[in-house]
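Just below is one structure, and these are the notes that go with it.
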Amino acid sequence: MSVTTSPFMLALAMVVLAASMVIMLYWVHQTTPLTSIDTIREPGYFPYIKTVKYMEIGDVEEAEEKDSPMNILLFYADDWRHDTLGAAGNPVIKTPVLDALAADGVRFSENCVTTSICWISRATLYSGQYLARHNFVMPRSGRTITINGTHVNMGFEVPQNETIYSLLKQKAGYTTAHVGKLGLLVSLDQELNFNFFVDDDGWHYRMIGDKMWHITEKNTADALRFLVERDKNKPFFMNVAYFATHAVDGDERQYLPQNRSKSMYENDTIPIPATATDEAWKMMPQFFGDDNEGRNRWRWRYDTPVKYQSMMKNYYRMASEVDRSVGTIINHLAEEGQLDNTLIIFTTDNGNFHAEHGLADKWYPHQESIRVPLIVKDPRMNPKFKGTVIDDFTLNIDLTATILAAAGMKPLPSMMGRDISILYRNGGLQAATAGQARHKAVPTAEKRQYPDPASDGNGRYHSGSEFSWRTEFFYEHPMHVSPSFIPASEALVRKDYKYFYWPDFNYEQLFDLINDPGEMNDLFNSKNPVHQQKLKEMRRRFNELKMIAHSNLAIIL
């Protein structure tokens, strides 16, 4: 693991709000189903909370011994890639609240999803499992998938009492809330899973009662309503699952921000990516034709420079609106005096092509598609990690284990991720020596086991051990509709190389990420012996990890 100190720290603005505003919030939600967030509070665009009191180093051990469960607040946005953040170096986007949150906590720069699509990522969050295990492929009835030659009916194949919501509510005594996009389009037992549930998905503007609501505005109001009405004698887990920045697919405008955001970015020019070229599109595999859905959506959004600027500015406006919403919700927790007892996580369900490779949206194993933001502010954090960036591979399967651990629970044997707080508490996880990393890992306390390291790399490539964090992972995405529309894709991802496999076409690719971070130069046909050997090694390791992911083993990947 490597940790680097942030180059700057954003000062937190003091926000003084009258206590009567909380009373007003409660009153309006008692008397009407919803009311405009503007009538509730407007903390101002810039940061976000009263200054947070942090534990001194000497207080960490004592704090960990306390038996008071933390609140857990998950902000889970849609279609954000890793660099849709000012803190990640984006020179245009305005995300001051999230930037300040990163300065107060830890930002993970190599956080990835194991399948880049909304409903599968959400099923992975709820279950802690790869698609290969939970098998939730598409939200359509009657679909099947083929696993190792066997046809399997599509469904969310996780017992209802094993979702993260149910475990927290039934086993850990939490009040659980879901606000926003559930994303499964299958029923979850509300009594078993939720104390508070609002599902909003697929729209940007909608008339509700006598008010025209924007979906991010409604997400915010619903989250505040839960915080006011919840049982204050129990810890809470709330997932604020924003639909933004997802487009409305059937609307030619695609992105519809709030009116008050329209002036943002008006005078900015959004840089066009270096790989957003016709040449890059022509270098995609030959089965990427004009009927490919990524190319389709590129035509909707990015096929002219004027359209590119318009779409990206509206996309950024919606991201900034989510940033503002996060600040409003955290402000409310600050007023309640709950920040020192709340684990706050911000992440997203998948990345997004912004015209790179001549594509739009997600699905495929390229960096733009699989890398997503992850920011964590944890009251248990070792203070020396405050404001740092961690570049270990963290995955969306880790979110479930991390949240359960914060509630004092071990992951189930069926879960496949790992508690990431290991990386920023008590000095962090010390990197293993090659000898340690190569040892045959013993099962963990919850009976899960780490796979053996790869045979290549002298112990550098592995899924982790008691002494080390993962340095590679398996990626998968199913075919959707037809191979020409969205072909299935799989990959073995490492920091130095990435191996692609397109199973519908038995097509392989190899990319040197160090020298070719844009993934433009496919090395599959390279005559260089180094590349030929790397291809053989990664193909072998890819098949090993794929087989393990599709097994019923109690493993950590």
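The values are calculated or read from the model by the stated rules, or taken from the named source; none is laboratory data. In this text the structure is predicted, and so the values were computed from the model without any measurement. A quick note on method: Cβ atoms are made from the backbone with ideal geometry, for glycine too, and the neighbour counts reach across all protein chains shown. Keep in mind that these areas ignore ligands, DNA and RNA; they rest on the heavy atoms of the full protein, side chains included. Shrake-Rupley method; radii C 1.70, N 1.55, O 1.52, S 1.80 Å.
Tabulated data
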{"read-out": "Long-range amide H partners of residue 449 with built H, under 5 Å", "value": "444, 555, 556"}
{"read-out": "Placed amide H near residue 465: partners under 5 Å, 5+ positions off or other chain", "value": "none"}
{"read-out": "All-pairs alpha carbon distance profile, the stretch 205-355, 10 Å steps from 0, percent", "value": "9, 32, 29, 19, 9, 2"}
{"read-out": "Residues with amide H under 5 Å from that of residue 393, placed H, sequence gap 5 or more", "value": "none"}
{"read-out": "Over the stretch 226-317, relative contact order from alpha-carbon pairs under 8 Å, at least 6 apart, %", "value": "39"}
{"read-out": "Karplus (6.51, -1.76, 1.60) ³J(HN,Hα), θ = phi - 60°, over the stretch 526-538, in Hz, Gly and Pro reported as x", "value": "5, 8, 5, x, 4, 5, 4, 5, 4, 4, 4, 5, 6"}
{"read-out": "Three semi-axes of the equivalent ellipsoid, the stretch 309-369, Cα gyration tensor, whole Å, largest first", "value": "32, 15, 5"}
{"read-out": "Rg(Cα)/(2.2 N^0.38 Å) for the stretch 475-534, N = residue count", "value": "1.20"}
{"read-out": "Listed peptides 160-172, 311-323 by packing density, highest first (mean Cβ within 10 Å)", "value": "311-323, 160-172"}
{"read-out": "The stretch 278-351 - Kirkwood radius from inverse mean 1/r over Cα pairs (Å)", "value": "16.0"}
{"read-out": "For the stretch 329-374: accessible area per residue (Å², 1.4 Å)", "value": "12"}
